[in-house]
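Please read the structure below before turning to the comments.
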Amino acid sequence: MAKQVRQVTQARPAKAAGSSEGGRLAVVGRAAVAWLRTLSGRTIALAAGAVAVVGALVVTGVLLSGHDDRPPIPDTRARHYTETDACLLTGKDGITAGAAADVWQGMQDASRETHARVSYSQVTGEQSTGNARPFLNGMLQRSCDVVLAVGKPEVTAAAQTAPQYGKVGFVLVGGGRAGANVTTVGAGDGLRDDVAAAVERAVHDRA
């Protein structure tokens, strides 16, 4: 209720200002009509033209006085992303629960630090390495710079594919073997922080 009262109170000055401006225009108009009544013929036409010009100037002045020419305040919440993409491959449950949820949160933490874009793709259908591979290939074709995998089929597919993509950084959660472009992260306590750190390193290595 208090908020509504403040809104009404703030709206009153604008209404009063409008009435005041309308009153000034009315006074000018009545004065112009009274003056025109004292004239005749061509003089009236000339005077009417002058009054029209004066009226236009008054209206323009009123409109300009009410115009707020201050520059708009930018939205500080907008985040400017880099051209680096970090992509997560998960099982059929996506990022809703378990280790995948912690991995996704860690990726978001890393995104806030590096401004890398983050996304994920979940393997639907049969949960096997063979079925996970097409989903992984799709991510690589989208030019993902850092690929994360969580879940046994997904990690296996990523580990087998990593040697073929030396310029891509791979982060394998709960399995796999570290290599030149592969980082392994153990599932368990601290997973979110470990993933964030691994993604940050991978992004910086490819900057």
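A short reminder: the numbers here are calculations on the coordinates, not readings from a lab. For clarity, every value in this text was computed on a predicted model and none was experimentally measured. FYI the Cβ positions are ideal-geometry reconstructions off the backbone, even for glycines, and counts take in every protein chain you see.
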Which of the peptides 148-154, 133-139 is most tightly packed, and how do the rest follow, going by the mean number of other Cβ atoms within 10 Å of each residue? 148-154, 133-139
Percent of all Cα-Cα pairs per 10 Å bin for region 163-207, counting from 0 up to the last occupied bin, reads 30, 54, 16, 0
State the Cα centre-to-centre distance between region 105-167 and region 177-191 in whole Å. 14 Å
Taking the Cβ of K167 as the center, what net charge do the other residues with Cβ under 11 Å away carry, scoring Lys and Arg +1 and Asp and Glu -1? -1
Tell me the trypsin sites (Lys or Arg not before Pro) within region 79-121 that lie in a loop according to DSSP and have at most 12 other beta-carbon atoms within 10 Å. R79, K92
Along Cα→Cβ, 7 Å out, is where each label goes; now give me the distance between the ones at K152 and N137 in nm to one decimal. 2.4 nm
Binned at 5 Å starting from 0, the alpha-carbon pair-distance distribution of region 84-206 in whole percents comes out as 2, 13, 26, 28, 21, 8, 1, 0
